[in-house]
Amino acid sequence: MRPRLRSLPLVAIGGVLLVACSSSATDHGGVSGPGSSSTSSSPSSVVSSTSAPSTSTSLPSGAVAPVGFRSVILEITRADGTVEQHCVWLADDEPSRETGLMGVTDPSLGGRDGMVFRFPADTTAAFWMRDTLLPLSIAWFAADGSFVSSTEMDPCPSGTVACPTFAAARPYRLALEVPRGGLVGLGIDERSRARVGGACPEGVSG
């Protein structure tokens with residue numbers, strides 16, 4: 001889905017922040033949506049990664065990749081300090097955040113574990129699932145990588161009269177969309193932390 005900006009204070013709607021969605025407005029800092037900004041620094045590094053990412057830039061046979069996105073490592077630090085790496089699609093500019101996982105029908109997301117939406121400053125933009133066809137789970141993280149909140153999002157296909165919006169519990173910097181129910185498998189809960197790393201290495205299958 002994509003973040004959708006409405007009137008203040010919360011506007012992004014479920015789905016793109018990690019999955020396909022679209023945005024109907026633009027806020028400051030090149031972020032779609034009217035979220036407020038408290039800082040323009042990028043997410044803080046939380047911990048060094050210690051394990052190989054679960055997927056890579058080499059797509060599995062039959063996987064269909066979202067067009068125009070690159071893959072990056074998402075480091076998840078569990079409450080016990082264990083660090084896991086996952087390969088996800090990155091939406092880090094206005095056009096990519098507006099598109100998200102719109103129209104994607106491949107439940108494997110093209111061989112990636114999800115889509116992460118990265119914002120240049122703290123935002124309260126809400127998400128929506130307009131033209132997003134897969135049921136998704138979304139988790140939001142603060143600038144220091146700490147967990148903010150999460151929720152489940154239903155598809156909102158073309159022709160739907162009104163698509164609901166989904167907002168984080170407080171300002172956030174990252175949003176991760178995964179196929180519904182997939183957050184636990186990635187080690188994400190209220191005690192976990194997230195950090196976007198570099199490009200996924202070649203030759204690692206998902």
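The values are calculated or read from the model by the stated rules, or taken from the named source; none is laboratory data. Only a predicted model underlies this, so the values are computations on that prediction, with no experimental measurement involved. Quick reminder, even Gly has a Cβ in these numbers, built from the backbone with ideal geometry, and neighbours come from all protein chains shown.
See the values below:
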| item | result |
| --- | --- |
| Check on Gly114, in contact with a Pro (Cβ under 9 Å, 6 or more places away or on another chain), modelled with pLDDT under 95 and either surrounded by 24 or more Cβ atoms within 10 Å (Cβ to Cβ) or not β-branched (Val, Ile, Thr) (or both) | no |
| Test: Val83 is modelled with pLDDT of 95 or more, farther than 15 Å from Leu176 by Cα and hydrophobic (A, V, I, L, M, F, W, C) | yes |
| Some residue of region 121-128 being at pLDDT below 95 and under 14 Å from Asp154 (Cα atoms) | yes |
| Tally of residues being farther than 18 Å from Thr77 by Cα, in a loop (DSSP other than H, G, I, E, B) and in contact with a Leu (Cβ under 7 Å, 6 or more places away or on another chain) across region 111-128 | 3 |
| Residues of region 62-110 that turn out to be of a type in the set (D, E, K, R), within 20 Å of Glu202 (Cα to Cα) and surrounded by 15 or more Cβ atoms within 10 Å (Cβ to Cβ), as a count | 2 |
